[in-house]
Amino acid sequence: MMSKIVVVGSGVMGRGIAYVSAVGGYEVVLNDIKEEALNSAKKEIESIFAKGVSRGKITGEQSAAAQANLSYATDLKQVVADADLVIEAVPEIASIKRDIFETIDQFAPGHCRFASNTSTMSPTEIGSYTNRPEKTIAMHFFNPVHKMPLIEIIRGLETNDDTVAFIEGVAGKMGKETVVVNEFPGFVTSRMSALVGNEAFYMLQEGLGTPEDIDKAIKLGLNYPMGPFELVDLVGLDARLNNLRYLHEKLGEKYRPAPLLEQYVKAGRLGRKSGKGVYDYTKKPEEAL
Ligand code: NAD
């Protein structure tokens, strides 16, 4: 029987995770509390499939088979009842994640493993919300999920070797590379990315240059594939601010969020998803996915 993955949260990340899970050959259910989030996820996933076929990344047959195994549902308790893996991708807010893990622990079968796509939070703490911390782990995907090659796997204190091996196997089927790291706030990637992104906001605030100039300097001078402002517009300024607040609390002064970033978030400039972040996307044509 085909293994079943339930992805909880159909936002920026959840929809990409559902796509790579379906392409990996799993039966997939994408869950969200909001019907309209699921509708928008379905549209975007269908367009990623269509582009994948037209660019020769997957065949029409693979796409049809994967889409036939992908469904959308709002009732979490029901869909996890026969799941083998639940991947959580709800907002980076401890109380919301706690609710999800307590619920799935109650309704998922005993063998089912749990992964969180948290950017910063402790998988040990997330495991403690359940009665199966040995089967709980962080599986950190990158945005956009269908393009980025890495999954950073973070084991909690109680996570067992079987679970690590199982998650590495799933990542392989999704066509991803992995690194397995131990737990520390921000892991490797979020910690580094938050620091660089925050520094860019301090530079902008100090009047060092325009966002275009700062991005150009970092891309062409330091050989980064994207500038820090292009990246934060993709990640979401609110998501970045949340990460920085968490890292500031856990790791100290080095991570104090730049006041300009706080101001942009207050103004609703959240990045591509709101039409405007550091850059204004209402004026430029959207880049192809
Ligand atoms: P998002 O806000 O785009 O999506 C979150 C989704 O979760 C929304 O559709 C919301 O309706 C849904 N949701 C909220 N409460 C729910 C509940 N109780 N049950 C089911 N669904 C619920 O968020 P995102 O950017 O996709 O981030 C999700 C997680 O992934 C966060 O932990 C974040 O830190 C992490 N992450 C984000 C990025 C990124 O670039 N955005 C990268 C790596 C990891």
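Across all Cα atoms of the chain, the radius of gyration (one decimal) and Dmax (whole number) stand at 19.0, 59 Å.
Here each label is just a point 7 Å from Cα along the line to Cβ, and for residue 36 and residue 254 those points are 4.2 nm apart. Over the chain, Cα pairs under 8 Å with separation of 6+ residues give a relative contact order of 13 percent.
Pairs exceeding 26 Å between alpha-carbon atoms, taken from 42/97; 34/97; 51/77: 51/77. Cut-off 10 angstrom, C-alpha nodes, Gaussian network model of the chain. Which of 116, 190, 47 fluctuates the most? Result for the chain, Cα springs under 10 Å: 47 fluctuates most.
Given R0 = 22 Å, the distance between the Cβ atoms of residue 282 and residue 212 translates into a calculated FRET efficiency of 0.80. Binning the C-alpha pair distances of the stretch 73-162 at 10 Å intervals from 0 yields a P(r) profile of 18, 51, 29, 2 %, listed from the shortest bin outward. Taking only the Cα atoms of the stretch 97-248, the ratio Rg/Rh comes out at 1.04, with Rh defined as the Kirkwood radius.
What does the convex hull of the alpha-carbon atoms of the stretch 13-126 project to on average, in nm²?
Details: hull surface 29.2 nm².
Projected over every direction and averaged, the Cα hull of the stretch 13-126 covers 7.3 nm².
Readers should treat all values here as calculations from the given coordinates under stated rules, not as data from a laboratory. These figures come from a predicted structure and were not determined experimentally. Quick reminder, even Gly has a Cβ in these numbers, built from the backbone with ideal geometry, and neighbours come from all protein chains shown.
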